[in-house]
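Following: one structure in structure tokens, then a few remarks.
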Amino acid sequence: MSLEDAAKIQPLVDGVLGLLGVPIDPLGTAIALSRMRTKPLERFEARAVAQIAERRGSEGAGLSAFDKEAVETRVRELLQQGPREALLASAVLGYAEFSAALIPDRARVVEGLGDGGEAYLVVLVAAVHGLIDEFVRTPEVYPAASEAAIRALKAALETRATTAEVIKMLDALRAELARRPASIVAGNRPRLAHHFVGRDEMATLEEAMADGGVATVCALQGMVGVGKSQLASAYAEACENAGWGFVAWVGASTREQAVEELAAIAQGAGLAPIDITPQDAAAQLVLWLSDASLSDRLLVFDNVTSVGDLDKLVPRGNGMRVIVTTTNRVSTVGTPVEVGVYTLPQAVHYLTETTGLTDEHEAELLAVDLDRLPVALTQAAAAIRLLGLNFTTYRDLLAERSLDSMVEQEPGDPYPKKVGWALRIAYQGYLTRLAESDPAQARVAGLILGALSLLAETGTPRSWFGPLTPDPLIAARVVGGLIQHSLVTPDVDGRTVALHRLQGQVVREDAATTEAKGEHHQAAASVLAGIELTADAHAEQRTRIKEAASVLTALCSQTHSSALITDPAVLTAARTVTYHANTVNDPYTGISLAEFVALSERHLGPDHPDTLTSRN
């Protein structure tokens, strides 16, 4: 095996390990807190690379290096796009099921590959399936795999026939979960995107967090869209996987929100009684976290508008770490970590790799136009692919538009000039192209984008969009297309999708003076009114109820969702979730929706039957 072949195959093996949540190193920078590669895993990985590289040389002998790389790139993209749980489950079932899950639209995937390329694709998918199947059955992988991946695989296996092989695998997974220390993991942490890019700032963050084990408050600063929350989420995920005793995520755009979420964590974990005020419950959690005898623990305050809102909410003590994400440039809260845009080489590499265009000079000019902002680069690349443009024509198109009216500016930290129109071209271009082939799907896609622009920024379960179309399969297909074209971001498990804050802002601005505003509001209300809360399994029902409550409570802290949360259909949805929370003996989830009681009284009246039911 040549070094060149190994270099070509390594990303495929990394993609397979990524399905299991095994930290990939390098990923821009190593995450020191993640479980380190063990020697057995390294040997297993090296053997996997060698096996596929050997097939690359024999089965792809008739193809040029360019054609082979095209197929390998396509398979790698499919691994990144596919939902983790579905791919892992299909791999356990067999090759046919895995191939169908990985390549749902075979005609599109094989387009342009030719007969030899298509044959090589089949061989490569078979090799990757064998690798996944072997990985999920191999104990060397479990210690490095993420908790979320192991739980997803365990849940998938529990639906299979109880053959001896399945029982053996389940026993191994249960043993691994039992081996990991019990911990409190709380809050609505945004999951890492499939295409999470490692940043140099991670090393700075790790250094600040490891400052002699003494409490460190670290402010992740930068404009919206640079990836502050994703960086903090990567660190938090590493802490979860390392078995820290406490890892929690708190939305803190206002002090009231921070206090309420701290209180909910305290009461949900049994650290504070439910009959005290949120302020007192939050204070008890801060006191508990400040106990120096506790193990390593992390608390993240996300999207802080004013650092003064955190007064007396920041715990201290040996082993305690706190991360603050904010757009404000401050140096009074812990160690500042400036999170900037991509470096120019990163931006150029990203543009050329994702678009397939090779003009690095024009890519550099476009990266400068977009100020190397990650979200702008992502959406611009999607527009270039969808519209069939090159870098030069795309830059010319951007230069013709006025952008100042398209974006709002953060105090002291302005958005790059080209971002608003780049986002607009991306989503409108996709809808226009989709309308040419399927107008019905294009309308559903517009409604989903509009709904997401009003729903929780942390994400919405992709299964909730069924009410927007008579056929839920169409909604699922549309969401898949939006993910594929980088217009919405799935979490690592593929369960939820989110619209970036800037993209959501652009969608709302475009709808503000048109009838689309009402359509988007109605779509969001229909999504919330149609949530399916019941399930055959008690654990699954509790999960659905918590998920719904989390999305509803997130709306209350979003200014642009103020009209949505007072919609009668949404108030009814909140009341229904509260009712179901009580039926499964989960009072903490019901308590988290208390704000909707006040909203019901304010907008329906104190004597309205729905208000009385909510209060009761």
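The values are calculated or read from the model by the stated rules, or taken from the named source; none is laboratory data. Every value quoted in this text rests on a predicted model; they were computed, and no experiment measured them. Cβ sites come from the backbone with ideal geometry, for glycine too, and all protein chains shown count toward neighbours. Heads up: the accessible areas ignore ligands, DNA and RNA and are worked out on the full protein's heavy atoms, side chains in. Shrake-Rupley method; radii C 1.70, N 1.55, O 1.52, S 1.80 Å.
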* Label Glu353 and Ala203 with points 7 Å out from Cα along Cα→Cβ: what is the distance between them in nm? -> 1.8
* To do: Note the full-extension length gain between Ile184 and Thr583 as 0.36 nm times their separation in residues minus their Cα-Cα distance, in nm to one decimal.
  => 141.2 nm
* Asked: Based on the Cβ-Cβ distance of Ser290 and Thr343, what FRET efficiency does E = 1/(1 + (r/R0)^6) give at R0 = 41 Å, to the nearest 0.05?
  -> 0.60
* Asked: Considering amide H positions built from the backbone, and no H for Pro or chain starts, which residues 5 or more places from Ile184, or on another chain, come under 5 Å of its amide H?
  -> Phe246, Val247
* Could you order Ser306, Ser561 so the one with the most accessible surface comes first? Probe is 1.4 Å. => Ser306, Ser561
* Asked: Ser437 versus Arg151, label points 7 Å from Cα toward the beta carbon: distance in nm?
  -> 3.7
* Structure fact -> Under a 1.4 Å probe, counting only protein heavy atoms, His521 has an accessible area in Å², nearest 10, of 50
* Expressed as a whole percentage, what fraction of the accessible surface of the stretch 441-581 belongs to carbon and sulfur atoms when a 1.4 Å probe is rolled over the protein heavy atoms? -> 54
* Structure fact -> Rounded to the nearest 10 Å², the 1.4 Å probe accessible area of Glu207 is 140
* Asked: Would you list Asp133, Asp491 from the most to the least accessible area, probe 1.4 Å?
  -> Asp133, Asp491
* Averaged over every viewing direction, what's the projected area of the C-alpha convex hull for the stretch 433-538? Give it in nm², one decimal, please. => 7.3
* **Candidates per GluC sites (Glu not before Pro) in the stretch 88-143, loop by DSSP, up to 12 other Cβ within 10 Å** => Glu111
* Approximate spin-label separation Glu515-Ser64, in nm, with each point projected 7 Å along Cα-to-Cβ -> 5.2
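Expressed as cubic angstrom per residue, what is the convex hull volume of the alpha carbon set of the stretch 255-371?
In the stretch 255-371, the Cα convex hull volume per residue is 154 Å³.
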* Per residue, what accessible area does the stretch 266-372 have, given a 1.4 Å probe and all protein chains present, in Å²? -> 47
* Gained length - Ala594 relative to Arg316, 0.36 nm times residue gap less alpha-carbon distance -> 97.1 nm
* Compare Thr138, Thr358 by solvent-accessible area with a 1.4 Å probe and give them largest first, with all protein chains kept in place. => Thr358, Thr138
